[in-house]
Amino acid sequence: MRVAVLAAEAVPYSKTGGLGDVAGALPKALKQIGVDSVLITPCYLQTKGEYLQKIALDDLQVDWRGTSYRARVFYSEANGSPTFLIDAPEYFHRSSIYGFREDYERFAFFNHAALILLERIGAPPDIVHLNDWHCGFAAVEVAKLRRWNSYWRNTRTVFSVHNLAYQGAFGMEELWKLGFGDDFSRNAFAFNGAASALKAGLADADMLSTVSRRYGFEIQQTENGYGLDWLLRQRSDRLFGIVNGVDYDIWNPEADRQLPAHFNQNNFEGKRECKRALLQKFFLPENLDKPIFASITRLTAQKGFELIEQTVGEILATGACFVSLGSGEKSHEEFLQRLRDYAPSQVGVFRGYNEDLSHLIEAGADIFLMPSRFEPCGLNQMYSLRYGTIPIVRAVGGLDDTVENFDRVRGTGNGFKFADFRADKFLEKIYEAMFAYYEPETWRKIQQNAMTVDNSWQNAARKYVALYQMTRQ
Ligand code: ADP
């Protein structure tokens with residue numbers, strides 16, 4: 001089976017969030033189980049030069065908005081699978097990866113160029129796997145091409161929703177400039193008086209998936225459907241949930257290159273060393289006996305950071321530490337700054353994005369806080385599990401699928417989970433976790449349960465292969 005994965009970001013070439021992790025790891029995992037997979041992604045200003053040593057094509061001719069655009073295409077295998085990086089400086093050499101008024105045009109170009117590239121590089125793919133709104137354009141284009149272009153006749157599309165909140169909306173009047181002026185396309189894109197690339201993907205892809213089972217149900221409800229729940233319900237026989245995997249080559253406490261010491265479920269000495277290093281990093285006193293609570297996140301409404309704001313005072317009152325890595329909404333950033341000023345010996349704050357530090361926090365912290373309002377899959381709770389850093393999560397989306405509440409009597413479970421989006425419910429779990437932390441045997445048990453969970457990509461990739469096979473039938 002030949003599969004082409006298209007994504008707006010992919011590790012290690014680019015990353016702003018979970019999508020990057022997934023898009024980098026899935027093609028590799030597919031390849032490892034015998035699927036002929038390629039990844040196609042843009043080449044950004046932020047993509048490191050070391051991945052751009054090989055030029056695959058110097059002259060990819062893309063007919064675009066009435067002119068002929070020549071793009072360069074780089075080739076790399078840095079993520080473990082053949083990858084083509086489309087280099088169009090006008091669109092992708094920018095100060096950031098997203099956030100421009102004409103993002104819809106940038107990614108429409110990327111989709112169109114990716115399909116032309118596929119035609120240039122070989123036999124047709126059986127499946128084009130599209131990810132999030134940035135790739136909704138290709139779902140429509142493949143559906144159209146299939147009718148008259150024999151290259152595409154047997155190709156099917158899978159569209160994965162990593163986050164329904166981002167819709168890629170723009171004016172309907174732009175459609176014709178992007179080559180989608182016909183009625184078929186307009187129908188696919190039309191949504192609430194505007195065009196939505198997300199809706200186009202959901203409407204025209206042959207198969208749909210979300211990044212957890214629970215999220216797949218949630219987005220079919222009016223409250224979480226962003227106005228698209230009707231379409232998802234209509235297509236629910238074509239909608240499947242597959243929880244993302246973890247790339248254990250990158251996230252493995254036994255071999256993680258960012259860590260000062262290593263550990264596993266049978267030997268926690270290294271975790272203590274990591275805790276010491278983490279405290280040092282944030283200039284906190286070296287008290288190894290009190291728990292460190294941690295958060296690594298984009299500070300957006302999705303992540304429920306206000307619940308952390310409402311409870312962190314109680315955490316600090318017990319003498320525990322709190323460390324935070326992330327940036328986002330100003331009010332949250334300011335809160336963190338004030339918190340740090342208020343308790344400099346218990347609070348560590350790093351505003352910004354820092355890959356290395358995220359590894360040290362996962363390894364050195366004891367308890368990971370993730371009280372999201374909604375969470376399509378969530379990766380940090382899975383990284384936390386592997387590093388024996390016990391997650392406290394809200395029972396939504398992928399958090400519900402991957403974290404099992406600890407049951408004292410049976411000794412089962414790998415974390416703590418609450419349902420209502422309320423500070424008192426969150427705090428109950430925080431106290432419950434802290435209570436368990438101070439019982440070394442109980443804590444060890446939870447850590448061992450957590451560290452032995454198998455969230456590997458091989459598992460997830462097999463489920464994708466089954467989905468691809470179903471799509472072709
Ligand atoms: P989302 O995609 O909604 O941001 P996920 O939990 O699915 O959430 O994925 C987030 C990814 O981004 C994880 O790999 C996490 O470690 C990483 N991440 C988020 N914020 C930061 C940050 N400030 N520094 C380093 N890594 C971060």
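Considering only the range 391-405, state which residues are surrounded by fewer than 24 Cβ atoms within 10 Å (Cβ to Cβ) and either of a type in the set (Gly, Ala, Ser) or in a loop (DSSP other than H, G, I, E, B) (or both).
Ala395, Glu404
So Ser295 clears everything in (1) within 26 Å of the chain's Cα centre (by Cα); (2) more than 12 Å from the ligand (Cβ to nearest atom); (3) not in a loop (DSSP other than H, G, I, E, B) except one condition, right? Which one?
(2)
Which condition from (1) part of a helix (DSSP H, G or I); (2) open to solvent by less than 10 Å² (accessible area, probe 1.4 Å) is the one that Gln448 breaks?
Unmet condition: (2).
Report, by residue number, each residue of the range 419-445 that is open to solvent by 70 Å² or more (accessible area, probe 1.4 Å) and not in a helix (DSSP H, G or I).
Selection gives Asp420, Arg422, Tyr438.
Quick grid of which residues meet (1) without any contact (Cβ under 8 Å) to a residue 60 or more places away in the chain; (2) open to solvent by 10 Å² or more (accessible area, probe 1.4 Å):
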site	(1), (2)
Lys28	no, yes
Ser37	yes, no
Leu57	no, yes
Glu90	yes, yes
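Name the residues in the range 1-22 that are in a strand (DSSP E or B) and buried (at least 24 other Cβ atoms within 10 Å of the Cβ), would you?
Ala4, Val5, Leu6
Residue-wise test of (1) over 22 Å from the mean Cα position of the chain (by Cα); (2) charged (D, E, K, R).
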| site | (1), (2) |
| --- | --- |
| Asp424 | yes, yes |
| Met434 | yes, no |
| Ala450 | no, no |
| Gln458 | no, no |
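Among the numbered criteria (1) among the β-branched types (Val, Ile, Thr); (2) open to solvent by less than 20 Å² (accessible area, probe 1.4 Å); (3) without any contact (Cβ under 8 Å) to a residue 12 or more places away in the chain, which single criterion is violated by Val409?
(2)
Looking at the range 79-163, what helices (runs of 4 or more DSSP H) fall wholly within it and have at least 3 residues that are in contact with a Leu (Cβ under 8 Å, 6 or more places away or on another chain) and closer than 22 Å to Tyr464 by Cβ?
Where helices (runs of 4 or more DSSP H) fall fully within the range 79-163 and carry at least 3 residues being in contact with a Leu (Cβ under 8 Å, 6 or more places away or on another chain) and closer than 22 Å to Tyr464 by Cβ, they are 103-121, 136-148.
Somewhere in the range 69-85, is a residue under 20 Å from Cys377 (Cβ atoms), within 16 Å of the ligand (Cβ to nearest atom) and in the same structural domain as Gly201 (by TED's automatic domain parsing)?
Yes: one or more hits.
Consider Gln473 carefully, then state whether it is open to solvent by 30 Å² or more (accessible area, probe 1.4 Å), within 30 Å of Phe159 (Cβ to Cβ) and free of Cβ contacts under 8 Å to residues at least 12 places away in the same chain.
Numbers: open to solvent by 30 Å² or more (accessible area, probe 1.4 Å): yes; within 30 Å of Phe159 (Cβ to Cβ): yes; free of Cβ contacts under 8 Å to residues at least 12 places away in the same chain: yes.
Yes, satisfied.
Taking Asn163 as the residue in question, decide whether it is open to solvent by 50 Å² or more (accessible area, probe 1.4 Å) and either modelled with pLDDT of 95 or more or within 16 Å of the ligand (Cβ to nearest atom) (or both).
On the way: open to solvent by 50 Å² or more (accessible area, probe 1.4 Å): no; either modelled with pLDDT of 95 or more or within 16 Å of the ligand (Cβ to nearest atom) (or both): yes.
Here the answer is no, as Asn163 does not meet what is asked.
Restricting the search to the range 353-376, which residues are charged (D, E, K, R) and in contact with a helix residue (DSSP H, G or I) (Cβ under 9 Å, 6 or more places away or on another chain)? First the steps, then the outcome.
If we filter the range 353-376 for residues that are charged (D, E, K, R), which is where we start, we get 355-356, 362, 366, 373, 375.
Matches in the range 353-376: Glu362, Asp366, Arg373, Glu375.
The values are calculated or read from the model by the stated rules, or taken from the named source; none is laboratory data. For clarity, every value in this text was computed on a predicted model and none was experimentally measured. With ideal geometry, Cβ positions are generated from the backbone for all residues, glycine too; neighbour counts draw on all protein chains shown. With ligands, DNA and RNA removed, areas are computed over all heavy atoms of the protein, side chains included. Shrake-Rupley method; radii C 1.70, N 1.55, O 1.52, S 1.80 Å.
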